[in-house]
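Asker: Pasting a structure here, questions to come.
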Amino acid sequence: MSGSLGRAAAALLRWGHVAGSGVLRGPGVRAAGSGAGGRSAEQLDALVKKDKVVVFIKGTPEKPQCGFSNAVVQILRLHGVRDYAAYNVLDDPELRQGIKDYSNWPTIPQVYLNGEFVGGCDILLQMHHNGDLVEELKKLGIRSELLDAQQDQDSK
Amino acid sequence: MLRGRLLGRLVSMAGCVCLSRSSTGSGSVGPVEAAIRAKLEQALSPEVLELRNESGGHAVPPGSETHFRVAVVSSRFEGLSPLQRHRLVHEALSEELAGQVHALAIQARTPAQWRDNPELDKSPPCLGGSKKTRGTP
C-alpha cells in the first residue's frame, strides 16, 4: 500500500501545485440556492443528503481559496471521487454561518458522507492516511482509485 | 507512510509560507494564544500541548490571532473518535472560535499515538481566502 500511496502522493503534489488544470470532468459545484429564503436546519439537512459526498469549502474545487479547503479537494481527487457536491461558502455568508450551526462545527471546510458530518480537513486527512476513507467510500458504492493503484503495484 | 509530510510538501512546493511560532513574531504570546493554551490545559490536562499561531501565513494583518494549529496529547482522548476529540477541543475554545479564531487545525492524540509520531503537522499554504490577493487589508 505504501508504494502506491507514495506514487499517489506524488500525483497529489502535482495536482496541488497546479490545482484544477487538466481536469476534464469535475465535481458539481452547486449553488445552495441563493434567495431560497435562509438556511434552515431542514434545508441544510436536505442539502447534505442530496449527494453522497458533500463538501462546504472556501472557493471551488477548480479554484480553492483556502489551503485547508484545497486539501479536502485534493484528497477527494486522489481517491478519484469526481461526482460530489461542493458549496462555496465565500459566495454565501448565510450558508457559511448556517452550516456551522447545523453541524455545530466552527470551521470550514466541512465534509459530509452519506448525509452525515464527518469532520474537517484534519479528520479527512486522517481517514485518508489510515484507510478509513477508502472504506467509507466503499460503503457509498464508490471505489477509491487508490485501490486500483494498489492493484497495479501488487500485480508487478 | 504518509503523514504530515504530505501537506508539508504542499507547503514547500507552493513556496515557503512563514509559520510564525508566536503571534507577533517577536517571541511574545498574544492574548488569544494565551487563552487557548490556558483553556486547553484546564479542560484536557494535556501531557503535551503544542500551539502555533499560523496567522502570519494567511491573508490577515500582522499581529493577528486568527489561524492556529494545536497538537493536544491527552489520555482524555482514549476511546474517543477523531470527531469526538475535535469537538472536545472546540468546546474548550468555544469563545475564541465564536470570536476571532476562524481556523483551528487540530491534532488530538492519546499519549501512545503521540509517541508514534511526536510532530506538529504543517498546514497547507493559504490560497487567499476571501481576499483577492494576500495582504489586502
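The values are calculated or read from the model by the stated rules, or taken from the named source; none is laboratory data. No experiment lies behind these values; they were computed from the predicted model shown. Here the Cβ positions follow ideal geometry from the backbone for every residue, glycine too, while neighbour counts run over all protein chains shown. Note: accessible area is taken over every heavy atom of the protein model, side chains too, but ligands, DNA and RNA are not part of it. Shrake-Rupley method; radii C 1.70, N 1.55, O 1.52, S 1.80 Å.
Asker: Set the Förster radius R0 to 22 Å, insert the Cβ-Cβ distance between B:VAL48 and B:LEU80 as r into 1/(1 + (r/R0)^6), and round the FRET efficiency to 0.05.
Answerer: Efficiency computed from Cβ-Cβ geometry: 0.85.
Asker: Enter the accessible area per residue of segment B:46-137 (Å², integer; probe 1.4 Å; all protein chains in place).
Answerer: 45
Asker: Extension gain A:LYS50-A:LEU140, at 0.36 nm per residue separation less the Cα-Cα distance, in nm?
Answerer: 31.1 nm
Asker: If you place +1 on the Cβ of every Lys and Arg and -1 on the Cβ of every Asp and Glu, how big does the dipole about the Cα centre of segment B:48-131 come out, in debye to the nearest 20?
Answerer: Its charge dipole is roughly 140 debye.
Asker: Which value, in debye to the nearest 20, gives the size of the charge dipole of segment B:32-89 about its Cα centre, when Lys and Arg are +1 and Asp and Glu are -1 at the Cβ?
Answerer: About 160 debye.
Asker: To the nearest 100 Å², how much accessible surface do chains B and A cover up together, summed over both, with a 1.4 Å probe?
Answerer: That pair of chains buries around 2600 Å² in total.
Asker: Mind checking the per residue accessible area of segment A:59-156 for me, 1.4 Å probe, whole number of Å²?
Answerer: For segment A:59-156, the per-residue accessible area is 40 Å².
Asker: Hey, if you put +1 on the Cβ of every Lys and Arg and -1 on every Asp and Glu Cβ in segment A:48-92, which of A:CYS66, A:VAL89, A:VAL54 ends up farthest toward the positive end of that dipole?
Answerer: Value: A:VAL54.
Asker: Something else about it: So which residues of segment A:95-122 lose at least 50 Å² of accessible area, probe 1.4 Å, when you go from the chain by itself to every protein chain present?
Answerer: Listed by number, the residues meeting the 50 Å² cut-off are A:TRP105, A:PRO106, A:THR107, A:ASP122.
Asker: Expressed as a rounded percentage, what relative contact order does segment A:34-94 have, with Cα pairs under 8 Å and six or more residues apart?
Answerer: After rounding, I find 42 percent.
Asker: Let me ask something additional. So which residues in segment B:90-104 end up with at least 30 square angstrom less accessible surface once the other protein chains are there, compared with the chain by itself, probe 1.4 angstrom?
Answerer: SASA drop of 30 Å² or more in segment B:90-104: B:HIS90, B:LEU97, B:HIS102.
Asker: Need one number: % antiparallel among DSSP beta bridges in segment B:26-115, to the nearest 5.
Answerer: Antiparallel: roughly 45 percent of the beta bridges in segment B:26-115.
Asker: Going by average Cβ neighbours within 10 Å, how do the peptides A:80-88, B:121-129 rank, with the highest at the top?
Answerer: Top of the packing list down: B:121-129, A:80-88.
Asker: When you look at the Cβ of every residue in A:57-68, what mean number of other chain Cβ atoms sits within 10 Å?
Answerer: Per residue, the number of nearby Cβ atoms from other chains is 5 on average.
Asker: Compute accessible area for segment B:40-89 by itself and then with all protein chains, 1.4 Å probe, and report residues whose area falls by 30 Å² or more.
Answerer: Residues meeting the cut-off: B:PRO82, B:LEU83, B:HIS86, B:ARG87.
Asker: Can you work out the FRET efficiency for the pair A:ASP132 and B:ALA34, with r the C-beta to C-beta distance and R0 = 25 Å, to the nearest 0.05?
Answerer: 0.10
Asker: Can you pull the percent of segment A:115-156's accessible area that's carbon plus sulfur, 1.4 Å probe, other chains left in place?
Answerer: 43
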